[in-house]
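Asker: Got a structure here, written out as structure tokens. Questions coming.
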Amino acid sequence: MVSLILTMLNDAIFSAIPAIGFAMVFNVPRRFLPYCAIAAAMGHGSRTLWLSFGLPIEWATFLAAALVGIVTIAFAKKHLAPPLMYAVAAIIPMIPGTYAFNTVIGLVQLTAQAEMSPELIYQVVSNGLKTVFILGALSVGLAMPSLLYFRSRSVIK
């Protein structure tokens, strides 16, 4: 239990740092940078929690992105700012760079070899699909709270 808390704390701290950096690149005003860091820390920390419970990374990413969407809507209401100002920088640490990198490296290895090995093809397809599904989970998970909150009609009649 203590190791899980330390892992989540470590994950939250080290995901807040790039979120602040990307928020600065996107010209987020200085007074809103801590909120971007909090949203990133909550999102990445919750993804680590879901992964520790055995949830696949795609579903854990979806739930974490939905949490980021909900939190950034609350921040936006509090500060009268657009939610995407917080959300975009907060989800960037969850982008699956390792899977995308391994996909591209595998594709380069496939083109360099004279014959194709089934293991390498499996690795390329597996990493590529995992990348696509994680990116889809980020997109849908981040968009869903806004789509449900900013409706002109109620969801439940």
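The values are calculated or read from the model by the stated rules, or taken from the named source; none is laboratory data. Worth saying up front: this structure is predicted, and the values here are computed from it rather than measured. Backbone-built Cβ (ideal geometry, glycine too); neighbour counts: all protein chains shown. Areas reflect the complete protein model, heavy atoms only, side chains present, ligands, DNA and RNA absent. Shrake-Rupley method; radii C 1.70, N 1.55, O 1.52, S 1.80 Å.
Asker: Work out the charge dipole of the chain with +1 on the Cβ of Lys and Arg and -1 on the Cβ of Asp and Glu about the Cα centre, then indicate which of 17, 110, 76 is farthest towards its positive end.
Answerer: Positive-end residue among those listed: 76.
Asker: Can you work out the accessible area per residue across the chain, with the rest of the protein chains kept in place, probe 1.4 Å, in square angstrom?
Answerer: Roughly 61 Å² per residue, with all protein chains present.
Asker: For the stretch 87-137, compute Rg over Rh where Rg is the Cα radius of gyration and Rh is the Kirkwood radius from the inverse mean 1/r over Cα pairs. Don't skip to the end; give the middle numbers.
Answerer: Values: Rg = 13.1 Å, Rh = 11.8 Å.
Rounded to two decimals, Rg/Rh equals 1.11.
Asker: Once R0 is set to 22 Å, what does the formula 1/(1 + (r/R0)^6) return for the Cβ-Cβ distance between residue 77 and residue 25, expressed as a FRET efficiency to the nearest 0.05?
Answerer: With R0 = 22 Å, the Cβ-Cβ based efficiency is 0.30.
Asker: Give the label of the value calculated from the structure for semi-axes √(5λ) of the Cα gyration tensor in Å, choosing from (1) 37, 19, 14; (2) 32, 18, 17; (3) 22, 20, 15.
Answerer: Matching the structure shown: (2).
Asker: Are there any GluC sites (Glu not before Pro) in the stretch 20-126 that are in a DSSP loop and have at most 13 other Cβ atoms within 10 Å? List them by number.
Answerer: Those that pass, being in a loop and sparsely packed, are 115.
Asker: Determine the calculated [θ] at 222 nm for the chain from helices alone, applying -39500 (n - 2.57) to every DSSP H run no shorter than 4 residues and normalising by the residue count; nearest 500 deg cm²/dmol.
Answerer: Counting only the DSSP helices, I get -27500 deg cm²/dmol.
Asker: In square angstrom, rounded to the nearest 10, how much accessible surface does residue 107 have for a 1.4 Å probe?
Answerer: Roll a 1.4 Å probe over it and residue 107 shows about 80 Å².
Asker: Need one number for the stretch 47-88: average projected area of the convex hull over its C-alpha atoms, nm².
Answerer: Numbers: hull surface 11.6 nm².
That works out to 2.9 nm².
Asker: If one computes P(r) from the Cα atoms of the stretch 57-117, what percent of pairs lie at distances over 19 Å?
Answerer: Tail of P(r) above 19 Å: 51 percent of Cα pairs.
Asker: Another question, then. In whole Å, what three semi-axes, largest first, describe the equivalent ellipsoid of the stretch 15-61 built from its Cα gyration tensor (square root of 5 times each eigenvalue)?
Answerer: Result for the stretch 15-61: semi-axes of 26, 9, 7 Å.
Asker: Would you work out the relative contact order for the chain, in percent, from Cα pairs under 8 angstrom that are 6 or more residues apart?
Answerer: Taking the mean separation of contacting Cα pairs over the length of the chain, I get 26 percent.
Asker: How big is the gap, in Å, between the Cα center of the stretch 100-140 and the Cα center of the stretch 61-77?
Answerer: Cα centroid to Cα centroid, the span is 29 Å.
Asker: Could you put 42, 1 in order of accessible surface area, largest first, with the 1.4 Å probe and the full protein assembly present?
Answerer: Per-residue accessible area, sorted high to low, gives 1, 42.
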